[in-house]
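The values are calculated or read from the model by the stated rules, or taken from the named source; none is laboratory data. Everything numeric here is computed off the predicted structure, so don't read it as measured data. Cβ placement follows ideal geometry from the backbone for every residue including glycine, while neighbour counts extend to all protein chains displayed.
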Amino acid sequence: MVQIQQKVSFSSIKFPMSQFDWDAIALHTTPGVAEHKESEVALLFSGVGLDFMGDGFDQFPEDLREEIIKAFPRNNFKRKLLQRFMRALSIRKKLLLAI
């Protein structure tokens with residue numbers, strides 16, 4: 001939260017930090033809710049969708065998409081993240097079965 005406060009303190013965004021932070025982080029994967037919150041919460045939701053799933057990436061001109069990928073290579077981001085999710089779920093399942 002301190003990092004978020006430091007980054008936001010340089011902008012003109014004013015809001016109660018704890019509620020805003022909670023909403024943005026808690027709702028960033030919640031379709032149908034985040035889009036109806038503050039603009040910044042909706043923006044984070046859209047940004048995560050764009051970054052992780054590619055939602056809306058096709059709306060950018062092809063030359064801009066190529067420039068973005070060149071500047072920020074994916075390096076198998078989605079595959080690696082999904083592998084980490086699966087590993088975490090596997091560990092959780094083993095822990096639950098041990099109870």
Subset of segment 62-86 that is more than 15 Å from ASP51 (Cβ to Cβ) and charged (D, E, K, R) - its residue that is nearest to the chain's Cα centre (by Cα)
ARG84
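Here is a check on your reading of the model: is SER90 in a helix (DSSP H, G or I), surrounded by 12 or more Cβ atoms within 10 Å (Cβ to Cβ) and of a type in the set (S, T, N, Q)? Steps first, answer last, please.
Numbers: in a helix (DSSP H, G or I): yes; surrounded by 12 or more Cβ atoms within 10 Å (Cβ to Cβ): no; of a type in the set (S, T, N, Q): yes.
For SER90, the condition - in a helix (DSSP H, G or I), surrounded by 12 or more Cβ atoms within 10 Å (Cβ to Cβ) and of a type in the set (S, T, N, Q) - is not met.
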Could you look through segment 1-54, keep only residues that are at pLDDT 60 or above, among the hydrophobic types (A, V, I, L, M, F, W, C) and more than 25 Å from PHE77 (Cα to Cα), and pick out the one that is surrounded by the most Cβ atoms within 10 Å (Cβ to Cβ)?
PHE20
Name the residue that is nearest to LEU82 (Cα to Cα), counting only residues in segment 24-62 that are assigned to a helix (DSSP H, G or I) and in contact with an Asp or Glu (Cβ under 7 Å, 6 or more places away or on another chain).
GLY49
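Just to be sure before I move on: is ARG65 basic (Lys, Arg) and outside any helix (DSSP H, G or I) in the structure I sent?
Working: basic (Lys, Arg): yes; outside any helix (DSSP H, G or I): no.
Considered against the rule, which asks whether it is basic (Lys, Arg) and outside any helix (DSSP H, G or I), ARG65 comes out as no.
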